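Worksheet: the structure to be examined is printed underneath.
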Amino acid sequence: QEFGEAEQQARQKLEKLLNVNGSQTAASFHKRLGKIMWDHCGMQRSEQGLQQAREEVRQLKEEFWRDVQVPGTMDEVNQELEKATRVADFLDFSQLLVEDALNRKESCGAHFREEYQTEAGEALRDDKNYMYVAAWEYQGEDQMPKLHKEELKYEFVEVKVRSYK
C-alpha cells in the first residue's frame, strides 16, 4: 500500500511538472538558485543576506512552478524531466538551508556569520547554545520544518575556538 501511494505521489509530481508548459528551462532556474545561495548562504553569511535569500528562493520557487518548461513525456527517457525534478528538490532544500543558517546565531566551522565575529575577525562560536546536531522534520508544503536537536558530547576532544593566525 505504501509503495502504491509513493508511486502515485511521484507520478503526480511528474505530471505537474510536464503540465506547467512554461518558457524557462530547469537549468536556467538551477543557475539562478545557485547564484542566490552562493551570494547569500555560502561560507560567508549575514542576517540581512539570509533574509534576502529566504525571499528570493521563495519567489524563484513560485516562478519555477509557474514557468518551467519540460519537453517530452514521462513514458520515455527524459533527461529534462529528471533535471526539473532535481531542481524542484533543490528549491525545497535551499529553503531549508537558509532556515537552518538563520536559526544558527554564531559562526561555526566553515560558515562565517558576519555579525558573529571577534574583534580580530575570527569566527565567534556559541557552544553554550549550539553544540548540537540539527535535523529538520518536514511538516508539509509551505510549513516551517520542525527542528530536532541531538546534543554533542565530547569525551576525547577539547572544544576550543579555532584561530588561523
The chain - mean residue ellipticity at 222 nm from DSSP helices (-39,500 (n - 2.57) per run, n ≥ 4, rounded to 500): -17000 deg cm²/dmol
Compactness of region 67-120 as Cα Rg over 2.2 N^0.38 Å, two decimals: 1.85
Per residue, how large is the accessible surface of the chain? Use a 1.4 angstrom probe and give square angstrom. 70 Å²
Pairs of Cα atoms under 8 Å, at least six residues apart: use those to get the relative contact order of the chain, whole percent. 20 percent
In region 58-145, which GluC sites (Glu not before Pro) are in a loop and have at most 10 other Cβ atoms within 10 Å, using DSSP for the loop call? GLU76, GLU119, GLU141
Antiparallel as a % of all DSSP beta bridges within the chain, to the nearest 5? 75 percent
Relative contact order %, region 24-121, counting alpha carbon pairs below 8 Å whose residues are six or more apart: 38 percent
Write down the Å³ per residue value for the convex hull defined by the alpha carbon atoms of region 122-165. 111 Å³
Taking the simple approach of a point 7 Å from Cα along Cα-to-Cβ for both GLU137 and TYR154, what is their distance in nm? 2.9 nm
Carbon and sulfur together cover what percent of the accessible area of the chain at a 1.4 Å probe radius? 50 percent
Environment charge at GLY140 (Cβ cut-off 12 Å; Lys +1, Arg +1, Asp -1, Glu -1): -3
Using alpha-carbon positions, the gyration tensor of region 1-89 gives root eigenvalues a ≥ b ≥ c; with a/c under 1.5 called rounded, otherwise prolate if a/b exceeds b/c, else oblate, the class is prolate
Compute the projected area of the convex hull of the Cα atoms of the chain, averaged over all viewing directions, and report it in nm² to one decimal place. 13.0 nm²
For ARG45, residues with placed amide H under 5 Å, excluding near neighbours: PHE112, ARG113, GLU114
When only DSSP loop residues count, what trypsin sites (Lys or Arg not before Pro) in region 105-154 have their Cβ near at most 16 other Cβ atoms within 10 Å? LYS105, LYS153
Quote the Stokes-Einstein diffusion coefficient, in whole µm² s⁻¹, for region 72-165, based on the Kirkwood radius over alpha carbon pairs, a temperature of 25 °C and a viscosity of 0.890 mPa s. 149 µm²/s
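The values are calculated or read from the model by the stated rules, or taken from the named source; none is laboratory data. Given the structure is predicted, the values throughout are model-derived calculations rather than measurements. Note that each Cβ is placed from the backbone with ideal geometry, even for glycine, and that neighbours are counted across all protein chains shown. Heads up: the accessible areas ignore ligands, DNA and RNA and are worked out on the full protein's heavy atoms, side chains in. Shrake-Rupley method; radii C 1.70, N 1.55, O 1.52, S 1.80 Å.
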